[in-house]
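The values are calculated or read from the model by the stated rules, or taken from the named source; none is laboratory data. Being a predicted model, the structure only gives us computed values, none of them experimental. All Cβ positions, glycine included, derive from the backbone under ideal geometry; neighbour counts span all protein chains shown.
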Amino acid sequence: MLIKLTGGTVYDPMHGVDGQVRDIYVRDGRVVSSPPADQRIDEEYDLRGKVVMAGAIDPHSHIGGGKVNIARTLLPEDHRPHPIPRTALTRSGTGRAAPSSITTGYRYAEMGYTAVFEPAMLPANSRQAHMELADTPIIDKGAYVMLGSDDYLLRMMAAGKTQAEINDYIAYTIVAAQAVAVKVVNPGGISAFKFNQRNLDLDEKNSYYGVTPRQILQTLARGVKELGIPHPLHIHGCNLGVPGNVQTTLDTITGVEGLPIHLTHIQFHSYGTEGDKKFSSGAAQIAEAINRHKHVSADVGQIMFGQTVTASGDNMAQFRNRGFATPNKWVCMDIECDAGCGVVPFRYRDQNFVNALQWAIGLEIFLLVEDPWRVFLTTDHPNGAPFTSYPHLIRLLMDKSFRDANFERLHPEAQAMSTLKSVQREYSLYEIAIMTRAAPSRSLGLGDRGHLGVGAAADITVYTPHGDRERMFEKPDYVFKDGTPVARNGRIVRVTDGGTHTLRPGFDKAVLKPLRAYFEQFHTMRLENFCVSDEEIVNDGRGRIIVNQLRAGSRG
Amino acid sequence: MNPATAASPTAKSGSRTHTSVTCPFCSLLCDDLEVTNRGGSLGVTAGDCARARGGFERDYASLSPQMDGRDVSMDQAVAAAARLLRGARHPLYGGLGTDVAGMRGLLALADRTGGIVDHMLGDTMYRNILAMQDRGWIMTTMTEVRNRADVVIFANLDAVSDHPRFFERNIWNAESMFGLATKSRRIVYLGEGLNTRPGVSPDGRKPLHLRNEPERLGELIGALRALLAGQSLQARTVAGVKVAELTKLLGIMKGAKYGVIIWSPPRLPFASADLVVEAICDLVKELNAQTRFSGFALGGNEGILTAGAVCTWQSGYQLRTDFAAGYPEFDPTRNATARLLADDDVDLLLWTSTFLTGQTPPETKAPTVLLAPPLRGLDTRCAVYIPVGTPGVDHRGQMCRVDNVVSLPLHQVRESALPSVAGVCNLLLQSL
Amino acid sequence: MKALTLTLKAAPAQRVDLAPITPEKLRGKKAAEIGRIRLQCGNRTVAVAELFAVTAGNCEEIVIRRCTGKFDNVGAGMTCGSIAVHGNTGHRTGAQMAGGTLTVRGSTLDWAGTGMAGGTLVIHGDTGRCLGAAWPGDAQGMRNGTIIVCGNAGERVGDKMRRGAIVIEGNAGDYCGARMIAGSILVCGKAGDFIGYSMKRGSILLTRVPRLPATFNDCGTFEFGFLPLLLRSLGRLSHRAAALSKRASARAQRYAGDLANVGKGELLVLR
Amino acid sequence: MNINGVEIEDTYAEAFPMRATRIIVTAVNRRWTLNAAHAATGFATSVIACGCEAGIERELKPVETPDGRPGVSMLLFTMSSKEMARQVQNRIGQCVLTSPTSACFAGMGPKEGEKLALGKNLRFFGDGYQASKKIDGARYWRVPVMDGEFLCQENTRMVKAIGGGNFLVLAETQRQALAACEKAIAAMKRIPNVIMPFPGGVVRSGSKVGSKYKALPASTNDAYCPTLKGQVRSALPPEVGSVMEIVIDGLDEAAIRAATRAGIRAACSLGRRRGIVRISAGNYGGKLGPHLFHLRRILK
């Protein structure tokens, strides 16, 4: 089956293609070079006047795993006004802030996304995360395994184990949990909360292990690098949401000794304490630090106004924020001496000073970070806003007058505290293609995804250009997943099952013996059963494992 | 093959022994069982308890699919069941005693046929879910209890009656991660008619036992909350317990470094028990202003947590969800099995039960399709009976554990020709 | 102009969602159009005309005859006009109603008046559980309006009620006024166990001392100036309330609680 | 024009816009309604120094009050809505809330004028133990106090009104002037929507604008002081030995006209034979207010 996409205006930053008119050929799910003139074309799509990009990639969206299902359970009132009826083709579902898994797959595909990454998979919960992701159709999935408050790591660090030994444990955990990257959330803080510590600053010791967040960050970042994990350590830092945490974030950037790191939902970590209300934007400092430190990338975690739910592994922060729960109900969990989670519904309001400034801070970071290869477009779904607000966010980045009009509706004191209006920058389509495709793909080491070169997987999204960029990005004309047309004008036309991105870093099998003993001694499940097997993911052919390459030169 | 996994049975002299087997017959999902298969008959040789033995060691009869009591082929049975489903104006998918894959299949059917899903223990589940949906909670998981809890309060339950190995695995475990001497844990029982012997510590220390009237537990918890808030009560006794004793209990709770209060929805068998659960959850939240305290819910047998979890991620709602309108609608009282059947609201019952109990569907005028293992003595008098295997015995599977966070793989411990629930659902879906 | 009348022809086998039949949704529609409205019945839909004989009339004033407990959401969401039901109704009768008058000359099943925001709901017979209560997950039950039940009510009358008034002329089940946030409930007959469970604020008016929860403290007997106002107001819709309004002094014994939860609610036993 | 031989001078009373509200106070019996109402409307003769002008409009029978107890309706008049809020809060807070068995209600319809806080702020006296009740669309606050519970409606309404209606009774002697005024007040009290804010409804110290003392904005109306007849340009005929004034605040012109008519007629009922010489009115040449009440037109 040979498909020709004819005459589209192509944006493919991985190959430096910035709006050139090109034909693209797809055979058996892959982009191929132009065939001989006499080759029969099975299907042709006339894309003259259309914008063509690779399928979009969301590197940070909470779409599966225990805390998401807790959020779903917690919010029947958010589902009720948002029913999704079944069709002859698609299953029914519900929800907006925490949509059902099947609906999540459809919605992403309809928006032209072809891969989404769950960023906070607890090892103890990895099986359920994969089960939920398996029920998220069409898109490819992947998950970052959460380390840093797990007893085994902290125990190893407290005992002075070597980096090599720790690397084996990290590698083992990635493989066992079927992960594609490593995430750390409030390093050591989730554990500290279980010992009744209510805050844990970068250099504050966990009261039981005596280990500090800085040490954990360094150890994990180094391990990730040495193991050749493509994506740098994915960091949700200390002091999330605390005014003044901009300093913690700057210290984190400089505190990892040049090791590559990715700072996630950095908007929530960019707060100063200036002004009458002791809350101000640290965006300029953060952006300046990212511009200067080339080893750092970030995603923003933009907030949008309206009802959502915050779901995080950081139960220390979530417990601290419980008073803001709207509606007034929330869940915190301590989990398996491994991690935790907190789910707090939240309503961001443009007439609330803090919320308004949070909105502005996120956009300031987007616009002040110069290199779009190092800042990714996220709302930390659903923490900042549901992922369905991406087209709106893209318009805010691409359209200054629209952005200013929205800015002028903010709480006046927040306007006074923000420099957003003085920022002239408008993102180009090329830059949007970088931050939503090429950059996440490169950062995660997805190889054949996120670009349109020969050999690339044919995940392709086609838009009709429109002055209103929100309209343009809301409902792409065509979405191809592995060469199959799955959505047309924002409607699903074919339901497929995506694959699961994983990594297979090598580790010394000697790590298994103490771990197995440790599980039997302390845990409530056996090591063998803790591992998520390949066949659980393949699931009789419904799923597929994609093993990504480690970075060259690594130990793997 | 994922190189990190390594579980394979050992074979010797005609028998095969499977280790690290997960037991699907109670929601603890103990996975340290050893199951020996001698020519297809199973024996639990390590990690056993009455439930595990009752599940693994039960006998199957050689039952074929049936229609109205007559043996038919699988194809005929599936066709008949599909015909019933197609014609149904409001089918109920009940029982739901199955694994993740089975539940996925049943939900696909329910969505397609506009049916209702409810579990045989749906009443018990909603004691927790309603409380959680109204107020949220602070909860903990089994490994945390095992390693961290210094005060453990059992509210209206003894744990061992429904989960025989709870104390062995989580309370009197020999070692703990953080140097907690498990023998020194403070155990408290609330309620009557409890087997409190397991609560005596290995060094002989007796638990504290307050004998409240079980159905007035909510009032007792309310009194603890009032006392914690600094209120004074005119009442001298609460639910049959002296206020002075409650004050003492509150002192123990406030003094905990990591306290855990455990309840079990099936052990709150009275109306509006969700309000009692809510009170417990509120008390836990309030205690966390100073110290660390968590809730922990037992119950959840017969796969209800699995059924609820899968239904939630696929539809947004827990069970008692109705797909009749073309999208999920949730009504925890109207969509309750007993009520739907009593009021003749549904015209077809598809009943699934593969674990320890519930293989006899409830009485109803509506035609019934039964998916259950071919247990000896099974009553198969219904419109269509389709024998299925037991997940974790006859085929692989996955289930969610009692603490709602951990899921475990289920293993196949004997050869079986029986289809899985998921397999039958797929056949039905194709025949609709 | 006489009322628009729907007369049930034959009882349906499955439950029917009657939410599309309210004055504001039918406004401007002719009888034939109304007859063509599809109602969800089990997993199919049926036309109104298949179930009911439709007699043209003023849509602001709807009469439903021979109604049965298979009909859910009767009058749900109505904002104006009136619906008079002859017969029984199913679940969620008058749910989320915000105005107008809904009268059921029979009994209802559960969740009548859940999330009600205004208007008047009168049930001549009995009602099931969770009258005027909050739907699972919702922060508030009844937010305004008045409910009168001439018969008995099941458990959890006014659960999480935020404002408005409920009169139960007969008996109320257990957990009456559970988690009340504010508002008033009058029980003329007997109230069940666990009254006022976890109530924050609000008043439950009783004619006899109930089984008192341990987390309510006796405050004594006093004159309450608001009682005559409230009883007179309720008396316009309820004979029993009117009788109490004439008979009772403003004196009542006050029990404060639930001390487990703020404790600013009260049980008032009329003297 | 004359009535019973009393001359009605061809002049007018000059009145000015004010804000007004009506508040109903009830209590266990008549005595305690009056105790509360007298205190609440006390020291409220003139906005010049009292901030407000207030008085009892009438007593209410139990069937007329919201809670079925004896009551009193009071009218309060101020120069601004802000001052009204302050006066109501202070007077109800200090004089009604404090008065045993009292309760306090709005005396105006829910659609009239604009909203005015009544119990809305007073409730905070309850220190968190106050409770609200909404009955028939109106919110009430229940404030726990030492004798039980103080019930106070959350809001009343405030309307545009008129202050400074008046007439002067010119008589031969002090005693005769007072007798005429007492008659007038008795008649005027039957008129709704007005109060006569001075003690007993009568003022003997009418004033003129300005003073020889710079600090004073007003001073005695020397032209009407009988004892100065020989020293100043007196407005009094020789036979007049005493002048008294009745000041009227009312919700609208019609009410003031009705009160003026009833008052003058009653005063004149004593007639010239009993020493009542003339009825006049105070004005400032039309400079002070837009409302002019021509005596002769009113009495026609």
Would you point out which residue out of A:THR173, A:THR104, A:THR94 is under 26 Å from A:LEU377 (Cα atoms), polar (S, T, N, Q), over 17 Å from the mean Cα position of the chain (by Cα) and within 12 Å of another protein chain (Cβ to nearest Cβ)?
A:THR94
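Show me the strands (runs of 3 or more DSSP E) found entirely inside segment D:86-150 where at least 2 residues are surrounded by fewer than 23 Cβ atoms within 10 Å (Cβ to Cβ).
Details: elements: D:103-106, D:114-117, D:131-135, D:138-145.
By residue number, D:114-117, D:131-135, D:138-145.
Select, from B:LEU190, B:LEU217, B:LEU180, the only residue that is surrounded by fewer than 24 Cβ atoms within 10 Å (Cβ to Cβ) and under 28 Å from A:ASN196 (Cβ atoms).
Every option except B:LEU180 fails the conditions.
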Hey, A:ALA356 hits all of (1) crowded, with 20+ Cβ neighbours inside 10 Å; (2) within 21 Å of A:ASP78 (Cα to Cα); (3) without any contact (Cβ under 8 Å) to a residue 60 or more places away in the chain but one; which does it fall short on?
(2)
Among the residues of segment C:163-180, the number that are more than 11 Å from every other protein chain (Cβ to nearest Cβ) and surrounded by fewer than 24 Cβ atoms within 10 Å (Cβ to Cβ) is 3
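Among the candidates C:THR93, C:THR68, single out the residue that is under 30 Å from B:THR321 (Cβ atoms), within 14 Å of chain B (Cβ to nearest Cβ) and crowded, with 23+ Cβ neighbours inside 10 Å. Walk me through how you get there before you give the answer.
Numbers: C:THR68 fails: crowded, with 23+ Cβ neighbours inside 10 Å.
Result: C:THR93 is the single residue among C:THR93, C:THR68 that is under 30 Å from B:THR321 (Cβ atoms), within 14 Å of chain B (Cβ to nearest Cβ) and crowded, with 23+ Cβ neighbours inside 10 Å.
Restricting the search to segment D:151-178, which residues are among the aliphatic types (A, V, I, L, M) and buried (at least 19 other Cβ atoms within 10 Å of the Cβ)? Walk me through it before giving the result.
Step one: of segment D:151-178, the residues among the aliphatic types (A, V, I, L, M) are D:151, D:158-159, D:161-162, D:168-171, D:177-178.
Matches in segment D:151-178: D:LEU151, D:MET158, D:ALA161, D:ILE162, D:LEU168, D:VAL169, D:LEU170, D:ALA171, D:ALA177.
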Subset tally (residues that are within 8 Å of chain B (Cβ to nearest Cβ) and crowded, with 24+ Cβ neighbours inside 10 Å) for segment A:301-340:
9
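Given the residues D:SER80, D:SER99, which is the only one that is touching a helix residue (DSSP H, G or I) at 6+ places or on another chain (Cβ under 9 Å) and either within 14 Å of chain C (Cβ to nearest Cβ) or closer than 26 Å to D:PHE198 by Cα (or both)?
Working: D:SER80 fails: touching a helix residue (DSSP H, G or I) at 6+ places or on another chain (Cβ under 9 Å).
One residue alone meets the criteria, D:SER99.
Among residues belonging to segment C:1-10 that are surrounded by fewer than 16 Cβ atoms within 10 Å (Cβ to Cβ) and under 14 Å from C:CYS67 (Cβ atoms), point out the one that is nearest to the other protein chains (Cβ to nearest Cβ).
From segment C:1-10, those surrounded by fewer than 16 Cβ atoms within 10 Å (Cβ to Cβ) are C:1-2, C:7, C:9-10; that's our starting set.
With the extra rule that they be under 14 Å from C:CYS67 (Cβ atoms), the set shrinks to C:7, C:9-10.
Details: C:THR7: 23, C:LYS9: 18, C:ALA10: 15 Å.
Going through the qualifying residues, I end up with C:ALA10.
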Those residues of segment D:40-80 that are surrounded by fewer than 16 Cβ atoms within 10 Å (Cβ to Cβ), on the phi < 0 side of the Ramachandran plot and of a type outside the set (D, E, K, R) come to a total of 7
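Tell me the residue from C:LEU244, C:LEU237 that is out of contact with any His (no Cβ under 8 Å at 6 or more places or on another chain), buried (at least 19 other Cβ atoms within 10 Å of the Cβ) and not basic (Lys, Arg), please. Step through it out loud before you land on a result.
Working: C:LEU237 fails: buried (at least 19 other Cβ atoms within 10 Å of the Cβ).
None of the others qualify; the one that does is C:LEU244.
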Could you check segment C:137-162 and list, in sequence order, the residues that are within 14 Å of chain A (Cβ to nearest Cβ) and either buried (at least 24 other Cβ atoms within 10 Å of the Cβ) or under 19 Å from C:ILE195 (Cβ atoms) (or both)?
C:GLY141, C:LYS160, C:ARG162
Residues that are under 30 Å from C:THR114 (Cα atoms), more than 9 Å from every other protein chain (Cβ to nearest Cβ) and part of a loop (DSSP other than H, G, I, E, B): does segment B:308-326 have at least one?
yes
Taking the stated definitions as given, is C:SER198 more than 25 Å from D:GLY137 (Cα to Cα) and either facing chain D (nearest Cβ under 9 Å) or not in a strand (DSSP E or B) (or both)?
yes
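When you scan segment A:390-480 for helices (runs of 4 or more DSSP H) that lie fully inside it, which ones turn up with 1 or more residues that are surrounded by fewer than 17 Cβ atoms within 10 Å (Cβ to Cβ)? Spell out how you get there, then give the answer.
Details: elements: A:390-398, A:400-407, A:412-416, A:429-433, A:439-444, A:469-474.
Output list reads A:400-407, A:412-416, A:469-474.
Condition check: outside any helix (DSSP H, G or I), of a type in the set (Phe, Trp, Tyr) and away from chain A (no Cβ under 11 Å). Does B:PHE270 satisfy that? Please lay out each step first, then the result.
Working: outside any helix (DSSP H, G or I): yes; of a type in the set (Phe, Trp, Tyr): yes; away from chain A (no Cβ under 11 Å): yes.
Yes; evaluated as a whole, the condition is true for this residue.
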In segment C:247-271, what count of residues is obtained for those that are farther than 21 Å from C:MET180 by Cα and surrounded by fewer than 21 Cβ atoms within 10 Å (Cβ to Cβ)?
5
Residue count for segment B:275-294, restricted to those that are outside any helix (DSSP H, G or I) and either among the aliphatic types (A, V, I, L, M) or within 9 Å of chain A (Cβ to nearest Cβ) (or both)
6
C:GLU169: passes all of (1) of a type outside the set (A, V, I, L, M); (2) in contact (Cβ under 8 Å) with a residue 40 or more places away in the chain; (3) closer than 21 Å to B:ILE280 by Cα but (3)
Is it the case that some residue within segment B:48-63 is at pLDDT 95 or above and of a type in the set (S, T, N, Q)?
no
Give A:ALA179, A:ALA120, A:ALA124, A:ALA129 a once-over and let me know the one that is in a strand (DSSP E or B) and either more than 19 Å from A:ASP534 (Cβ to Cβ) or within 14 Å of chain B (Cβ to nearest Cβ) (or both).
A:ALA120
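Restricting attention to helices (runs of 4 or more DSSP H) lying wholly within segment B:60-155, give those where 1 or more residues are within 14 Å of chain C (Cβ to nearest Cβ) and in contact with a Cys (Cβ under 7 Å, 6 or more places away or on another chain). Break it down into steps so the answer makes sense when it comes.
Values: elements: B:74-87, B:100-113, B:122-135, B:142-148.
Ranges flagged: B:100-113, B:122-135.
Are any of the residues in segment D:225-248 among the basic types (Lys, Arg) and at pLDDT below 95? Before the answer, list the steps.
Taking segment D:225-248 as the starting set, the residues that turn out to be among the basic types (Lys, Arg) are D:229, D:233.
The next check asks that each one be at pLDDT below 95; those that pass are D:229, D:233.
Within segment D:225-248 (the criterion being among the basic types (Lys, Arg) and at pLDDT below 95), the answer is yes, since at least one residue qualifies.
Do you know which residues across segment C:11-33 are away from every other protein chain (no Cβ under 14 Å) and either assigned to a helix (DSSP H, G or I) or out of contact with any helix residue (DSSP H, G or I) (no Cβ under 9 Å at 6 or more places or on another chain) (or both)? Can you show your working first?
Of segment C:11-33, the ones away from every other protein chain (no Cβ under 14 Å) are C:21-33.
If the condition is that a residue be away from every other protein chain (no Cβ under 14 Å) and either assigned to a helix (DSSP H, G or I) or out of contact with any helix residue (DSSP H, G or I) (no Cβ under 9 Å at 6 or more places or on another chain) (or both), then C:THR22, C:PRO23, C:GLU24, C:LYS25, C:LEU26, C:ARG27, C:GLY28, C:LYS29, C:LYS30, C:ALA31, C:ALA32, C:GLU33 are the ones that fit.
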Looking at segment B:62-80, I want the residues that are surrounded by fewer than 13 Cβ atoms within 10 Å (Cβ to Cβ) and have a partner that is part of a loop (DSSP other than H, G, I, E, B) with Cβ atoms under 9 Å, at least 6 apart or on another chain. Which pairs are those?
B:SER62/B:PRO374; B:GLY69/B:THR380; B:GLY69/B:ARG381; B:GLY69/B:CYS382; B:SER73/B:SER64; B:SER73/B:PRO65; B:ASP75/B:PRO65
